[in-house]
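The values are calculated or read from the model by the stated rules, or taken from the named source; none is laboratory data. These numbers were taken from a predicted model, which means no experiment stands behind them. Neighbour counts are summed over all protein chains in view; Cβ atoms, including those assigned to glycine, are modelled from backbone coordinates with ideal geometry.
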């Protein structure tokens with residue numbers, strides 16, 4: 001059987017060299033993941049049963065050589081903090097949350113110094129000298145305390161390094177660089193004790209420690225090395241994919257007398273390479289899902305397909321974009337805890353409880369939005385049983401409330417709900433214990449069989465490990481006892497935690513990060529995020545060591561990191577037959593960027609056997625930006641319309657609502673869909689209007705049916721403030737009205753009521769005779785006409801009807817701004833076709849409804865706008881637009897009503913016409 005992958009070729013070589021005596025060899029690979037694939041490749045080549053070779057990753061191998069256990073990143077940070085405290089006078093010690101900001105970066109630099117076997121004293125003193133030189137112009141006698149503290153930090157670096165190194169060695173643990181340095185020191189001892197043979201396979205970039213270890217074992221004839229490099233990369237002096245291996249071939253003395261293995265000529269073989277650009281991250285996820293579906297439908301095996309994500313944030317949208325028939329898939333990539341749903345829940349709990357304690361320690365005041373954020377979190381909502389609580393908060397406009405109130409509304413609280421919301425004491429151990437209980441409760445809700453639940457469990461487990469680490473650290477560090485400190489420490493260490501997924505590596509679609517693809521070969525490869533800054537990662541560097549110093553000392557810079565990315569990229573393409581490279585075409589925005597240089601390189605250096613296509617997929621733009629919605633009038637719709645028209649009645653607001661948007665009329669009147677209740681944190685204009693209407697109604701109600709006096713108005717003015725407050729409590733329920741924007745709204749409502757009463761008093765003082773007849777009263781009247789299919793009921797509430805100076809005056813209050821021009825009509829034609837006439841239609845509907853009760857008195861109708869009080873009562877006027885000499889008509893007489901009825905009938909016939917669908921009004 002032909003060797004189609006590097007691991008197949010390696011298996012053939014190993015069996016050929018060692019036969020069935022495999023147990024004496026150790027095969028060292030760049031990562032752990034390749035081990036299971038190599039075992040599978042060996043199984044296929046072997047005919048009998050043999051003991052398997054020891055297959056290990058380079059990190060595990062170096063740990064064996066050094067005899068030191070690896071320490072995880074969070075534990076390392078805590079150990080470094082202990083060292084820092086032991087070296088720093090008490091008055092100068094920084095809290096952990098401040099220390100961690102620079103401690104994480106410094107640990108990375110220590111790691112690089114050790115991996116590249118540099119003299120730490122030389123490097124760290126060099127950095128100190130650079131800082132001294134940068135401040136040479138500052139007179140030593142006049143240095144500020146800040147500059148002194150800054151320079152002292154650089155002086156202390158060698159002490160930090162040496163003490164931490166000795167402290168970790170004493171414990172028998174170490175970070176990667178320390179382990180590598182100790183392995184180099186121990187290599188002679190290991191070499192003397194080692195009886196088997198070592199095979200190093202599939203490596204590319206090696207640090208100085210790895211180079212030294214491998215070269216030593218080669219010189220002792222205890223090891224073989226098998227590279228995986230193509231002629232196209234190795235023989236081109238400018239190709240970054242061959243940067244490291246070119247140097248090893250040239251500089252390692254073993255290659256003066258031994259063959260260099262292996263060189264391949266796979267890259268030039270036939271390949272279909274598709275470069276696809278599409279806007280945004282989610283566009284790439286969608287296209288990747290479609291490609292997987294197409295490969296599957298064309299009979300390609302998903303076991304031989306890799307989906308490589310250039311950025312981890314694509315994972316979740318990608319999982320939702322994969323076709324449902326993908327079956328098994330294996331996710332092997334690091335996923336940052338920052339986007340982990342379980343981590344987001346922990347952050348929200350910290351925020352809610354910290355703020356609750358800070359607002360009022362005695363009553364522990366909760367803010368509705370923080371409570372709803374937790375109750376609507378996808379990990380909480382299905383299990384909290386709090387739908388009634390959410391509904392009550394929204395309906396009653398509760399913005400702030402005590403813990404007691406929360407549990408009172410919830411009623412019978414489940415143990416899980418109690419865990420989430422029971423008061424936090426300012427005690428780190430208790431808080432960590434609560435988090436542990438919450439995470440374990442969530443785990444118990446999740447199924448072992450459901451794929452989504454398995455992913456949720458992986459998210460939970462990664463946070464559970466962080467909480468465990470914090471718990472262990474808390475036991476020996478009492479300074480973590482306060483809530484703010486614990487929260488700050490959590491925020492620092494969460495960046496170091498990654499989610500690890502488990503799956504069946506040998507079957508199904510392989511979803512991986514770039515580093516996880518090392519040594520592996522696939523027939524079909526899909527790579528996303530082929531943009532500069534993502535693939536390759538770009539020039540970002542988190543280090544105290546400047547670029548020029550790194551170059552001088554031989555430490556890797558972004559140039560070397562780009563070369564590593566280049567090798568991984570071209571290795572993915574090396575033996576693939578179908579390649580799909582996706583990039584984001586957007587040049588602006590958070591996830592934007594230029595397309596990757598690798599794509600341009602592929603186009604410029606195109607091999608004769610490569611079938612390369614370039615496409616840009618944009619969203620399909622329809623000829624119309626938006627197609628207005630249409631709803632036909634079915635029999636049931638017509639039946640509902642008849643019910644409204646004959647039983648309930650068309651209200652003036654329903655008629656003008658139809659003019660504004662027929663679809664809205666359909667939702668509200670036909671389907672009876674009302675808007676969902678939400679907490680109204682700031683008082684909305686319509687709520688303010690309701691409050692002012694209610695206050696005026698209650699103030700005037702006792703005086704209905706009698707002529708008003710100045711004393712009546714003064715008495716009402718004295719009661720106005722209290723009445724406005726009562727209305728606020730009634731309408732706004734438990735919303736906060738004593739501070740912020742709501743306090744301003746409260747003052748505006750009071751001023752509007754007082755201004756109205758002031759105007760009323762002025763009118764009565766100047767001789768107006770005013771008798772209020774009705775307040776917020778419902779009227780209805782049937783409109784009968786041969787032009788209508790059946791009699792139509794018009795009904796609605798009128799704000800105020802009064803008798804003023806021998807006329808009936810109908811008044812409609814408006815909270816918003818209305819101008820005099822809004823109630824002047826110049827032409828009857830098309831009255832009900834224009835939304836600008838909505839206020840005129842409302843007023844004339846009121847007159848039509850009240851006319852039978854007017855007993856022949858003249859009627860005027862108008863608006864009082866609280867945002868235009870200076871205009872006072874703005875009455876409806878008809879001013880003939882064609883006859884300039886005609887008088888302005890300010891009363892609604894029989895002729896005006898007849899004209900209006902004709903226009904109203906046109907509108908009602910349109911609403912009741914079964915041939916005319918409800919059509920959305922797009923403005």
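Of the conditions (1) exposed (fewer than 15 other Cβ atoms within 10 Å of the Cβ); (2) assigned to a helix (DSSP H, G or I), residue 363 fails just one. Which one is it? Only one criterion in (1) exposed (fewer than 15 other Cβ atoms within 10 Å of the Cβ); (2) assigned to a helix (DSSP H, G or I) is unmet by residue 363, namely (2).
Just to be sure, is residue 606 surrounded by 13 or more Cβ atoms within 10 Å (Cβ to Cβ), in contact with a strand residue (DSSP E or B) (Cβ under 8 Å, 6 or more places away or on another chain) and outside any helix (DSSP H, G or I)? So residue 606 does not fit the description; no.
Where residues in region 320-335 are buried (at least 17 other Cβ atoms within 10 Å of the Cβ) and touching a helix residue (DSSP H, G or I) at 6+ places or on another chain (Cβ under 6 Å), which of them is farthest from residue 33 (Cα to Cα)? This residue is 321. Taking first residues from region 851-865 that are farther than 17 Å from residue 771 by Cβ and outside the structural domain of residue 799 (by TED's automatic domain parsing) and partners that are surrounded by 12 or more Cβ atoms within 10 Å (Cβ to Cβ) and modelled with pLDDT of 90 or more, no Cβ contact under 7 Å between residues at least 6 apart in sequence or on separate chains turns up. Residue check: residue 255 meets all listed conditions (1) over 30 Å from residue 71 (Cα atoms); (2) under 44 Å from the mean Cα position of the chain (by Cα) but one, namely (2).
Listed here are the residues, each with its yes/no results for (1) assigned to a loop (DSSP other than H, G, I, E, B); (2) surrounded by 16 or more Cβ atoms within 10 Å (Cβ to Cβ); (3) in the same structural domain as residue 536 (by TED's automatic domain parsing).
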residue	(1), (2), (3)
587	yes, no, yes
627	yes, no, no
643	no, no, no
656	no, yes, no
663	no, yes, no
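What number goes with the only condition from (1) assigned to a helix (DSSP H, G or I); (2) out of contact with any helix residue (DSSP H, G or I) (no Cβ under 8 Å at 6 or more places or on another chain) that residue 353 does not pass? Looking at each condition in turn, residue 353 falls short on (2). Given (1) crowded, with 20+ Cβ neighbours inside 10 Å; (2) in contact (Cβ under 8 Å) with a residue 60 or more places away in the chain; (3) farther than 23 Å from residue 495 by Cβ, where does residue 384 come up short, assuming only one miss? Only one criterion is unmet by residue 384, namely (2). Looking across region 488-514, just one residue is out of contact with any helix residue (DSSP H, G or I) (no Cβ under 7 Å at 6 or more places or on another chain) and in a helix (DSSP H, G or I), and that is 491.
Here residue 472 meets the list (1) touching a residue at least 24 places away in the same chain (Cβ under 8 Å); (2) assigned to a helix (DSSP H, G or I) almost entirely, failing just condition (1).
Every condition in (1) in a helix (DSSP H, G or I); (2) surrounded by fewer than 17 Cβ atoms within 10 Å (Cβ to Cβ) holds for residue 317 except the one numbered (2). In this structure, does residue 526 turn out to be buried (at least 19 other Cβ atoms within 10 Å of the Cβ) and under 30 Å from residue 381 (Cβ atoms)? Judged against the criteria, residue 526 is not a match. Say whether the condition of being over 54 Å from the mean Cα position of the chain (by Cα), crowded, with 19+ Cβ neighbours inside 10 Å and either within 14 Å of residue 904 (Cα to Cα) or without any contact (Cβ under 8 Å) to a residue 60 or more places away in the chain (or both) is met by at least one residue in region 829-846. No: zero hits.
Among the candidates 13, 63, the residue that is more than 20 Å from residue 507 (Cβ to Cβ), more than 45 Å from the chain's Cα centre (by Cα) and in a helix (DSSP H, G or I) is uniquely 13. Restricting attention to region 262-282, does a residue exist that is part of a helix (DSSP H, G or I) and either modelled with pLDDT of 90 or more or surrounded by 19 or more Cβ atoms within 10 Å (Cβ to Cβ) (or both)? Yes, that holds for at least one residue.
Being surrounded by fewer than 16 Cβ atoms within 10 Å (Cβ to Cβ) and within 45 Å of the chain's Cα centre (by Cα) is a description that applies to residue 299. Confirm whether residue 43 is part of a helix (DSSP H, G or I) and surrounded by fewer than 20 Cβ atoms within 10 Å (Cβ to Cβ). Yes; evaluated as a whole, the condition is true for this residue. Here residue 770 passes the criteria (1) crowded, with 17+ Cβ neighbours inside 10 Å; (2) modelled with pLDDT of 90 or more; (3) within 54 Å of the chain's Cα centre (by Cα) except the one numbered (3).
Results for (1) within 30 Å of residue 178 (Cβ to Cβ); (2) assigned to a helix (DSSP H, G or I); (3) outside the structural domain of residue 519 (by TED's automatic domain parsing); (4) at pLDDT below 90, shown as yes or no for each residue.
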site: 218; (1), (2), (3), (4): yes, yes, yes, no
site: 250; (1), (2), (3), (4): no, yes, yes, no
site: 254; (1), (2), (3), (4): yes, yes, yes, yes
site: 258; (1), (2), (3), (4): no, no, yes, yes
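Scan 169, 178 and give me the residue that is surrounded by fewer than 18 Cβ atoms within 10 Å (Cβ to Cβ), on the phi < 0 side of the Ramachandran plot and in a helix (DSSP H, G or I). Answer to the selection: 169.
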